[in-house]
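Step one of this worksheet: look at the structure below.
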Amino acid sequence: MKVSAERLDNHKVRLEIELPQPEVAKAVDKAYQKLANKVNIPGFRKGKVPRKVLEMRIGKEALLDEAFEIMAGPAYSKALQEQSIDPVARPEIEVVTLQEDQPLVFKAVVIAKPDVTLGQYKELQVEQPAAEVSDEEVNKQLESQRTRHAKMVVAEDAALQNGDFAIIDFAGFIDGQPFKGGDAEGYPLEVGSGSFIPGFEEQLIGAKAGDAREVKVGFPADYFVPELAGKEANFKVKINDVKRKELPELDDDFAKEVSEFTSLEELKADTKNKLEQAAKQKADRDYKNNIVKTAVDNATVDIPDIMIEKRIDNMIEDFDVNLQNRGLSLDKYLEYAKTDLNTMRDSYRESAQQSVKTDLVLEAVAKAESVEVKSEDLETEIAIMAHGYQRPVEEVRKVIVEQGHINSLAESVLRKKAAQVIIDSVKKE
């Protein structure tokens, strides 16, 4: 096999691959056997049809195309190995010569994984983030607990204000006619939440239990129900009750109710301790991330656009899966968020570029430091995953192997080990 390579730009390489005629003839024979076992021709058993009859039935070109499929994959893989090219996308193939009595010649335009020029990645000096917790943060956490344990009580003779819950009956009309989904009874509406049509809640402020209000609103032009979008509507609203949150007193009794402690001071101390632990863990994560980010920023790499686009594809796919797990769809999310897929892709672009660069730099560090992934490294990672999913290790391992993800897992572990090399080498102040 002959291979020549021509670099077209920073990312693209054109390979010209030539296979000798005897290999072409062998591939054509294999193609004949393969197709003869697939094609039904009256008067012949499968696999027994003469070649000339088969060629008359399917055409010589179909036989040669099948032979090309047999030859091209292995030849392309071998050419990549010879030229030390790691492709990041499917190649563009151009057949130059494909005849049984001639050598096979074809070209493949490849987008290669870019070279990385490493900067300083060892003995970096990175500031350790502080992990302090203020009294204000402790108080905020306690207030959050108070809110979670608040009771909704009827506020007698109270006028509705923001934050109150109005228990309402309502009926909506467009051009004097009721519309689907425009009415309800005993509906609990939090005034100021913005959960209703813009302008609806504000027109209830000041009303008391027993009052009736007529509310006039316009549905937004981009409202998610097309038949209502842009329409003016009138709502007849009756306020049945006004309810307000009644917060418990922040005292020893509250501490006993919400925790195993007998005093408010003990609850405060425990709250502060938990916040400090969380802050320390976050500071440690941020510190390690900043170390790796510094090494990545110090490196230079020209990333092909297709790598960034593929990473964006993966990010959106992951987001879509998360939505589906919550019973939503990507199309509905885009509708509610008043955006479109192109805008969403643009919002991911910067983080996708940083993510791809980080992977490339860590792979380059792994190569420079001769980092290897051993079987025990993979087993440790699988055990961590199994713990996170709360599934048996054997089950997680089986899924990874059956779905063909063992190589991507090994690449992930390689990058983690490379990141640890960078972190372990940091200069301590």
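The values are calculated or read from the model by the stated rules, or taken from the named source; none is laboratory data. Only a predicted model underlies this, so the values are computations on that prediction, with no experimental measurement involved. Note: ideal-geometry Cβ built from the backbone for every residue, glycine included; neighbour counts use all protein chains shown. These area figures cover heavy atoms from the full protein model, side chains too; ligands, DNA and RNA do not enter into them. Shrake-Rupley method; radii C 1.70, N 1.55, O 1.52, S 1.80 Å.
Tabulated data for the structure shown
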read-out: The stretch 5-28: number of residues that are surrounded by 13 or more Cβ atoms within 10 Å (Cβ to Cβ) and assigned to a strand (DSSP E or B); value: 9
read-out: Of the criteria (1) of a type in the set (A, V, I, L, M, F, W, C); (2) touching a residue at least 40 places away in the same chain (Cβ under 8 Å); (3) open to solvent by 70 Å² or more (accessible area, probe 1.4 Å), which one ALA221 fails; value: (2)
read-out: Failed condition for ARG90, given (1) in a loop (DSSP other than H, G, I, E, B); (2) under 30 Å from MET307 (Cα atoms); (3) touching a residue at least 12 places away in the same chain (Cβ under 8 Å); value: (3)
read-out: Pick from the stretch 311-348, criterion closer than 26 Å to ASP359 by Cα and of a type in the set (S, T, N, Q), ranking: modelled with the lowest pLDDT; value: ASN322
read-out: Total residues in the stretch 416-429, condition in contact with a Leu (Cβ under 6 Å, 6 or more places away or on another chain) and open to solvent by 60 Å² or more (accessible area, probe 1.4 Å); value: 0
read-out: Residue within the stretch 253-273 that is in a helix (DSSP H, G or I), open to solvent by less than 70 Å² (accessible area, probe 1.4 Å) and among the hydroxyl-bearing types (Ser, Thr, Tyr) present; value: yes
read-out: Qualifying helices (runs of 4 or more DSSP H) (wholly inside the stretch 299-403; at least 3 residues being of a type in the set (Asp, Glu) and open to solvent by 70 Å² or more (accessible area, probe 1.4 Å)); value: 305-325, 393-402
read-out: Cross-chain or 6+ apart pairs with Cβ under 6 Å, the stretch 245-271 first and within 20 Å of GLU137 (Cβ to Cβ), then charged (D, E, K, R); value: LEU247/ARG146; LEU264/ASP251; LEU264/ASP252
read-out: Criterion: open to solvent by 40 Å² or more (accessible area, probe 1.4 Å), among the hydroxyl-bearing types (Ser, Thr, Tyr), under 40 Å from the mean Cα position of the chain (by Cα) and within 30 Å of LYS310 (Cα to Cα) - qualifying residue of THR117, THR147; value: THR117
read-out: Residues of the stretch 30-60 satisfying the condition of being within 46 Å of the chain's Cα centre (by Cα) and either modelled with pLDDT of 80 or more or open to solvent by less than 60 Å² (accessible area, probe 1.4 Å) (or both); value: LYS30, ALA31, TYR32, GLN33, LYS34, LEU35, ALA36, ASN37, VAL39, ILE58
read-out: From the options ALA31, ALA79, residue that is touching a Leu at 6+ places or on another chain (Cβ under 8 Å), in a helix (DSSP H, G or I) and within 14 Å of ALA108 (Cβ to Cβ); value: ALA79
read-out: Filter result for LYS231 (modelled with pLDDT under 90 and not aromatic (Phe, Trp, Tyr)); value: no
read-out: Scope the stretch 132-159; condition touching a strand residue (DSSP E or B) at 6+ places or on another chain (Cβ under 9 Å) and polar (S, T, N, Q); matching residues; value: THR147
read-out: Close pairs (9 angstrom Cβ cut-off, 6 or more residues apart or separate chains): within 20 Å of SER77 (Cβ to Cβ) in the stretch 110-121, open to solvent by 70 Å² or more (accessible area, probe 1.4 Å) and of a type in the set (Asp, Glu) anywhere; value: VAL110/GLU92; ALA112/ASP86; LYS113/ASP86
read-out: Yes/no for VAL413 being open to solvent by less than 80 Å² (accessible area, probe 1.4 Å) and free of Cβ contacts under 8 Å to residues at least 60 places away in the same chain; value: yes
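Conditions tested, residue by residue: (1) charged (D, E, K, R); (2) under 14 Å from ASP359 (Cβ atoms); (3) in contact with a His (Cβ under 9 Å, 6 or more places away or on another chain).
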residue	(1), (2), (3)
ALA386	no, no, no
TYR389	no, no, no
PRO392	no, no, no
GLU402	yes, no, no
SER408	no, yes, no
